[in-house]
Amino acid sequence: MSTYYSVYAEANVDGKWYSLCPYFKNSKGEKKTGCIYWAQSRFYDVYCDLEDYARGWGIPEDMSEGIREIFHENLEDVAQEWGEHPVTWGEWYNSSLFYVNFSQAIASKINKDKPYKYEGYVLKKELAAIEVYELEEFSEWLTQSEYNSLTDKQKRRYIFHQWNDSWGDYRIYRTVTDCIRALKYLFADICENDIGGSLYQGITDDQIRVYIYRD
């Protein structure tokens, strides 16, 4: 059975938490909150790393309404019947859901001036295959000095490229960071007049709490 990891985010404005996650209606007209990122096995290393930054496990009492409605309403209800020891939803979340400070645990791992971790010269045919999802990674790539040592004929096989490893942690942290920052700016712009308070100053990375849920 596959393990799924979902990421949610909320911002604290004047002591109250507000969801930053997308909010929509499904085909039945039901209101739903979506995660900002989800993944399977490639997220495992990131999950283990973020556990070290956990500020708490389970559902905190001050969780934003938008995110709280994603999870089971009554935490005392039984989630799993495992032998003589049934597991409640509260117990399940205490072992599968934790939250971190966005600034310290995630944004700090990203160089804002470096959107890509790698750069070099790659084979043109492999880049073309990767762009149409026929290949996941390059078999080789050359540094500037290695490329300069080639003959003119050999150089024609290569092209300069910047990228992130599709299985690498940096790509995941970069994707999550970019998404959260885009959402926080949108949230502040739309809700400035409705929420008021200090929101006109924007939302800092340190005001954001990120949940990671393993299911």
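Screening Asn148, Asn111 for residues that are without any contact (Cβ under 8 Å) to a residue 12 or more places away in the chain and within 22 Å of Tyr37 (Cα to Cα) leaves exactly one candidate, Asn111. Within the stretch 130-144, the presence of a residue that is under 30 Å from Ala54 (Cβ atoms), at pLDDT below 95 and either outside the structural domain of Arg42 (by TED's automatic domain parsing) or among the polar types (S, T, N, Q) (or both) is excluded.
Does the stretch 133-143 include one or more residues that are in a loop (DSSP other than H, G, I, E, B) and touching a residue at least 40 places away in the same chain (Cβ under 8 Å)? There is no residue in the stretch 133-143 that is in a loop (DSSP other than H, G, I, E, B) and touching a residue at least 40 places away in the same chain (Cβ under 8 Å). What do you reckon, is Lys112 within 18 Å of Thr177 (Cβ to Cβ), at pLDDT below 95 and exposed (fewer than 12 other Cβ atoms within 10 Å of the Cβ)? In short, yes.
A quick yes/no check of all residues on (1) out of contact with any Phe, Trp or Tyr (no Cβ under 7 Å at 6 or more places or on another chain); (2) closer than 15 Å to Val176 by Cβ:
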position: Thr3; (1), (2): yes, no
position: Ser19; (1), (2): yes, no
position: Gly29; (1), (2): yes, no
position: Lys32; (1), (2): no, no
position: Trp38; (1), (2): no, yes
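Annotation: Tyr147 fulfils all but one of (1) farther than 30 Å from Arg55 by Cβ; (2) under 26 Å from the mean Cα position of the chain (by Cα); (3) not basic (Lys, Arg); the unmet one is (2). Looking only at the stretch 89-128, residues that are under 17 Å from Arg174 (Cβ atoms) and not in a helix (DSSP H, G or I) come to 12 in all. Of the residues making up the stretch 50-82, those that are more than 26 Å from Lys16 (Cα to Cα) and surrounded by fewer than 16 Cβ atoms within 10 Å (Cβ to Cβ) are Asp77, Val78, Gln80, Glu81, Trp82.
Considering the conditions (1) out of contact with any strand residue (DSSP E or B) (no Cβ under 8 Å at 6 or more places or on another chain); (2) within 25 Å of Ile59 (Cβ to Cβ); (3) among the β-branched types (Val, Ile, Thr), Ile212 is excluded by exactly one of them, (1).
Check off (1) surrounded by 14 or more Cβ atoms within 10 Å (Cβ to Cβ); (2) under 30 Å from Ala11 (Cβ atoms); (3) in contact with an Asp or Glu (Cβ under 6 Å, 6 or more places away or on another chain); (4) of a type outside the set (D, E, K, R) for Ile203 and give me the number that stays unchecked. Of everything listed in (1) surrounded by 14 or more Cβ atoms within 10 Å (Cβ to Cβ); (2) under 30 Å from Ala11 (Cβ atoms); (3) in contact with an Asp or Glu (Cβ under 6 Å, 6 or more places away or on another chain); (4) of a type outside the set (D, E, K, R), Ile203 misses just condition (3).
Has the stretch 59-72 got at least one residue that is more than 30 Å from Arg209 (Cα to Cα), more than 22 Å from the chain's Cα centre (by Cα) and not β-branched (Val, Ile, Thr)? Taking every residue of the stretch 59-72 in turn, none turns out to be more than 30 Å from Arg209 (Cα to Cα), more than 22 Å from the chain's Cα centre (by Cα) and not β-branched (Val, Ile, Thr).
Among the numbered criteria (1) touching an Asp or Glu at 6+ places or on another chain (Cβ under 7 Å); (2) buried (at least 17 other Cβ atoms within 10 Å of the Cβ); (3) more than 29 Å from Ile190 (Cβ to Cβ), which one does Phe98 miss? Unmet condition: (3). Residue pairs whose Cβ atoms lie under 6 Å apart, separated by 6 or more positions or on different chains, with the first residue in the stretch 10-31 and more than 21 Å from Lys184 (Cβ to Cβ) and the second surrounded by 13 or more Cβ atoms within 10 Å (Cβ to Cβ), are Asn26/Lys32.
Condition check for Thr88 on (1) surrounded by fewer than 16 Cβ atoms within 10 Å (Cβ to Cβ); (2) without any contact (Cβ under 8 Å) to a residue 24 or more places away in the chain: one failure, at (1).
The values are calculated or read from the model by the stated rules, or taken from the named source; none is laboratory data. What you are looking at is a predicted structure, and each value in this text was computed from that prediction instead of being measured. Don't worry about glycine lacking a Cβ; one is built from the backbone with ideal geometry, like all the others, and counts go over all protein chains shown.
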